[in-house]
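Okay, structure first, notes after.
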Amino acid sequence: MTQATPVIQMDHVWTYLGQHLVHKDISLSLGRGEILGLVGASGCGKTVLMREMVGIQRPTKGTVKLLGEDLNAISAVQQQQLRNRCGVLFQGGALFSALSVFDNVAFKLRELKVLDEVLIERLVAMKLSMVGLSATSAKLMPSELSGGMVKRVALARALIMEPEVLFLDEPTSGLDPVLSEDFINLLSELHIELGFTIVMVTHDLDSLRDLCTKVGVLAEQKLVAYGSLDEAIDCEQPFAREFFHGKRAQRVFLNLN
Ligand SMILES: Nc1ncnc2c1ncn2[C@@H]1O[C@H](COP(=O)(O)OP(=O)(O)O)[C@@H](O)[C@H]1O
Ligand SMILES: [Mg+2]
C-alpha cells in the first residue's frame, strides 16, 4: 500500500438487513490522516457502515477495501491482522465491567501472547498517560469511573496496538459540553502526534467544525453529502438542511456562514 492508497474505500455498497434496505449504493474513499465525521438520523445505518469498514459486518453487495485490502478477497486470518491495525471505540464505549482499567487497556496485548507482563505494564502506563489518566487510575474498576474517564479508558484501549485507523462510534455521547470539548481536544492532539486516520460517527457540530477534515451525511440510505463541511452545509436534502441549519447549528457555525 502506497501513501496515496485510500485507507478506506467503499464501492457500490448495498446493505440489506432482512428485508430492510439500510445502504443503497454507497461509495466513498478516505485518505491517510483524514478525519471523517459521519452524521445521520438515529437508525439510518451509521454504525452498520462503520462495522462494514472494519470488516466486522459484510455488506450485501459491493466492495470494501481497508488499508488497501479487499475484505472479501482475503482470509479470516488476514482480516484479523488488518483489524489489529485498527482501533475501535464502540458506541457507548463499553468497558469489560469485571476487569480493572489496567486489564481493560491491556486486553488486546495479552491476547496476542507475544509480550511479557513488564512490557505490557509499560505500554499500558504510556497509553493511560497519553489520554490524560494517572497511573493510579489503572487499579480502578469501571464502576468507579466518571463518564469522561470511561471514554478516556476506552480510547486508551483502542490506542493500545498503535492503530493506523481509529473508528469512533459517537465518542462524546453522554458527556456534558465541557467534557465533550476536552475529549475532542485530546483527539486532536493525538491526531497531530500520531497521525492516524479517524472515522467518527457523531452528532456533535463542534467536532465536525473543529476536528473533521471530511463530513459524510447519511440519509435516505445514501451518502447525500461527502466532502468538506461547507459542502455538507450546502446540501439541500431535508435531514442535512435541518441538521446544519437548525438553531444549534447556527450558533456553532456562526463564524463560518
Ligand atoms: N443485527 C441487525 N439485524 C437487523 N437489523 C439491524 C441490525 N443492526 C442494525 N439493524 C438496523 O439497521 C438500521 C441501522 O442501524 P445502525 O447502523 O445501528 O443505525 P445508527 O448507528 O445510524 O443509529 C436500523 O434500522 C437498525 O434497526
Ligand atoms: Mg449507531
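Read-outs: derived from the displayed coordinates by stated rules, not from any lab. It should be emphasised that the depicted structure is a prediction, and the values quoted were computed from it without experimental measurement. Don't worry about glycine lacking a Cβ; one is built from the backbone with ideal geometry, like all the others, and counts go over all protein chains shown.
Based on Cβ point charges of +1 for Lys and Arg and -1 for Asp and Glu, what charge dipole magnitude is obtained for the stretch 14-164 about its Cα centre, in debye rounded to the nearest 20?
Rounded to the nearest 20 debye, it is 220 debye.
Expressed as a rounded percentage, what relative contact order does the chain have, with Cα pairs under 8 Å and six or more residues apart?
Result for the chain is 24 percent.
In percent, how large is the relative contact order of the stretch 124-182, given Cα pairs closer than 8 Å and 6 or more residues apart?
It rounds to 34 percent for the stretch 124-182.
Taking the Cα centre as origin and putting +1 on Lys and Arg beta-carbons and -1 on Asp and Glu beta-carbons, what dipole magnitude results for the chain, to the nearest 20 debye?
Once rounded to the nearest 20, the dipole reads 460 debye.
In the stretch 48-140, which GluC sites (Glu not before Pro) fall in coil by DSSP and have 11 or fewer other Cβ atoms within 10 Å?
When the GluC sites (Glu not before Pro) of the stretch 48-140 are filtered for loop state and at most 11 Cβ neighbours within 10 Å, nothing remains.
Take the alpha carbon atoms of the stretch 79-150, find their center, do the same for the stretch 211-255, and report the distance between the two centers in whole angstrom.
Taking the Cα centre of the stretch 211-255 as reference, the centre of the stretch 79-150 is 34 Å away.
Where a Cα-Cα gap under 12 Å defines reach, which aspartates and glutamates qualify for K108, not counting those fewer than 8 residues away within the same chain?
E162
Just in the stretch 96-158: which trypsin sites (Lys or Arg not before Pro) are loop by DSSP and have at most 12 other Cβ atoms within 10 Å?
K113
Once R0 is set to 35 Å, what does the formula 1/(1 + (r/R0)^6) return for the Cβ-Cβ distance between H12 and D210, expressed as a FRET efficiency to the nearest 0.05?
Result of the calculation: an efficiency of 0.60.
Please give me, ordered by residue number, the chymotrypsin sites (Phe, Trp or Tyr not before Pro) of the stretch 88-187 that lie in loop per DSSP and have at most 15 other Cβ atoms within 10 Å.
Within the stretch 88-187, the qualifying chymotrypsin sites (Phe, Trp or Tyr not before Pro) (loop, at most 15 other Cβ atoms within 10 Å) are F96.
Could you tell me the relative contact order of the stretch 85-213? Use alpha-carbon pairs under 8 Å, at least six residues apart, and round to a whole percent.
Computed over the stretch 85-213, the figure is 35 percent.
Out of all DSSP beta bridges with both ends in the chain, state the antiparallel percent to the nearest 5.
DSSP beta bridges in the chain are roughly 50 percent antiparallel.
Of the DSSP beta bridges with both residues in the stretch 105-232, give the percent that are antiparallel, rounding to the nearest 5.
Once the DSSP bridges in the stretch 105-232 are tallied, antiparallel ones form about 50 percent.
Quick test of the membrane-span-like rule: which DSSP H helices of the chain reach at least 24 Å along their long axis (C-alpha atoms) with mean Kyte hydropathy at least 0.5?
177-194
Between S143 and A73, how high is the FRET efficiency from 1/(1 + (r/R0)^6) when r is the Cβ-Cβ distance and R₀ = 41 Å? Nearest 0.05.
My answer for the efficiency is 0.40.
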